[in-house]
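Chemist: The structure's right below; bear with me while I get my questions together.
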Amino acid sequence: MEQPKVIDLRQEPASRVRSAAFYALRDLRRGERVTLLTAEEPTLILEAVNLQLRGHLAWTAFPEAGAWRAEVGLRADVPPRDVIDLLARHHAWLDGLFARALQLVNAGAVDQAAPLFACFSAGLRAHIAVEDGVLAERLPVPTQPAGDDPLSIMLREHREILSQLALLERCLTPGAPEAAEAGAFFAILSGTLAKHEHREENNLFPLWSRGLADLPPEERQRLLEDLQGRLPFADGSG
């Protein structure tokens, strides 16, 4: 791994530290690290920048000589810290595959999009299987007869997503008469996934975190290792 580049922000006006940190970190690549020196504890700044960069950053921050030092790299360069981190990373990986396939479809290159979409489809099915088959029972909230509880909503949305996924898979089958409609079905699934992931990460992930925190550390680690084996991160572009 390359030696970290050091960016000294201690003399920056407070109003400019966040934007300076963003420009220092936005082009980070795999294996690269940046050291930020700040006058104040940098967690809030880094969380804001990380939100802008779609959660791709990982860092450690510690006080040093009356200031703060933050060692920042890409989240993909460090192992997931827990199950929730793994799920969030898998969301981001799926989103990236989907976006690349959609760009190709919009450019009329449906044949080139097909292998990327096949990788995305397999990954999404594995993700849903993990959440429905392994994690659903660990959600520390009861289901409700009206079906408006977090678990029932998740399961219902997963069924909708799988239905839309099957439509797209048929569209991208070589020679399929629906191929011309692939762009429209991509747009529908894109909107469904965006709403679902937002709801899941903001509502379900904190609940799962709470439930998993009650497990013994060794059981949490076994669960993490099990799910790492179930969730593919292959590129699918070759």
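The values are calculated or read from the model by the stated rules, or taken from the named source; none is laboratory data. As the structure is a prediction and not an experimental result, all values here were calculated from the model. For neighbour counting, all protein chains shown are included, and Cβ atoms are generated from backbone atoms with ideal geometry for every residue, glycine included. For the accessible areas, the whole protein counts, side chains as well, though only heavy atoms, and no ligand, DNA or RNA atoms are used. Shrake-Rupley method; radii C 1.70, N 1.55, O 1.52, S 1.80 Å.
Chemist: Residue pairs, Cβ under 6 Å, 6 or more apart or interchain, first in segment 1-23 and of a type in the set (Asp, Glu), second in a strand (DSSP E or B). List them.
Modeler: Asp8/Leu37
Each row is one residue, and each column tells you yes or no for (1) more than 29 Å from Pro206 (Cα to Cα); (2) of a type outside the set (Gly, Ala, Ser); (3) touching a Ser or Thr at 6+ places or on another chain (Cβ under 7 Å).
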{"position": "Asp8", "(1), (2), (3)": "yes, yes, no"}
{"position": "Ala20", "(1), (2), (3)": "yes, no, no"}
{"position": "Glu32", "(1), (2), (3)": "yes, yes, no"}
{"position": "Leu37", "(1), (2), (3)": "yes, yes, no"}
{"position": "His56", "(1), (2), (3)": "no, yes, no"}
{"position": "Trp59", "(1), (2), (3)": "no, yes, no"}
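Chemist: Confirm whether Ala213 is more than 25 Å from Ala99 (Cβ to Cβ), of a type in the set (Gly, Ala, Ser) and either out of contact with any helix residue (DSSP H, G or I) (no Cβ under 7 Å at 6 or more places or on another chain) or open to solvent by 50 Å² or more (accessible area, probe 1.4 Å) (or both).
Modeler: On the way: more than 25 Å from Ala99 (Cβ to Cβ): yes; of a type in the set (Gly, Ala, Ser): yes; either out of contact with any helix residue (DSSP H, G or I) (no Cβ under 7 Å at 6 or more places or on another chain) or open to solvent by 50 Å² or more (accessible area, probe 1.4 Å) (or both): yes.
Yes, satisfied.
Chemist: Report, ordered by the first and then the second residue, all pairs with beta carbons closer than 7 Å, sequence separation of six or more or different chains, a first member in segment 137-148 that is touching a residue at least 40 places away in the same chain (Cβ under 8 Å), and a second member that is outside any loop (DSSP other than H, G, I, E, B) and open to solvent by 90 Å² or more (accessible area, probe 1.4 Å).
Modeler: Here the result reads Pro140/Arg210, each pair linking segment 137-148 to a residue that is outside any loop (DSSP other than H, G, I, E, B) and open to solvent by 90 Å² or more (accessible area, probe 1.4 Å).
Chemist: Does any residue of segment 51-67 turn out to be touching a residue at least 40 places away in the same chain (Cβ under 8 Å) and either more than 13 Å from the chain's Cα centre (by Cα) or under 22 Å from Gln164 (Cβ atoms) (or both)?
Modeler: Yes, some residue in segment 51-67 is touching a residue at least 40 places away in the same chain (Cβ under 8 Å) and either more than 13 Å from the chain's Cα centre (by Cα) or under 22 Å from Gln164 (Cβ atoms) (or both).
Chemist: Report, ordered by the first and then the second residue, all pairs with beta carbons closer than 9 Å, sequence separation of six or more or different chains, a first member in segment 183-194 that is surrounded by fewer than 16 Cβ atoms within 10 Å (Cβ to Cβ), and a second member that is aromatic (Phe, Trp, Tyr) and part of a helix (DSSP H, G or I).
Modeler: Matching pairs, first to second residue: Ser190/Phe98.
Chemist: Could you grab me the full set of residues in segment 60-101 that are in a helix (DSSP H, G or I) and over 27 Å from Glu225 (Cβ atoms)? Show your work before the answer.
Modeler: Looking only at segment 60-101, we keep the residues that are in a helix (DSSP H, G or I), and these are 75-77, 83-101.
Once the filter is applied, which keeps residues that are in a helix (DSSP H, G or I) and over 27 Å from Glu225 (Cβ atoms), segment 60-101 yields Ala99, Arg100, Ala101.
Chemist: Okay, next question. Out of the residues in segment 81-134 that are more than 26 Å from Leu207 (Cα to Cα) and of a type in the set (Val, Ile, Thr), state the one that is surrounded by the most Cβ atoms within 10 Å (Cβ to Cβ).
Modeler: Val105
Chemist: Output the residues belonging to segment 135-162 that are open to solvent by 20 Å² or more (accessible area, probe 1.4 Å) and farther than 14 Å from His196 by Cα. Can you show your working first?
Modeler: So in segment 135-162, the residues open to solvent by 20 Å² or more (accessible area, probe 1.4 Å) come out as 137-138, 140-146, 148, 150-153, 155-157, 159-160, 162.
Glu137, Arg138, Pro140, Val141, Pro142, Thr143, Gln144, Pro145, Ala146, Asp148, listed by residue number.
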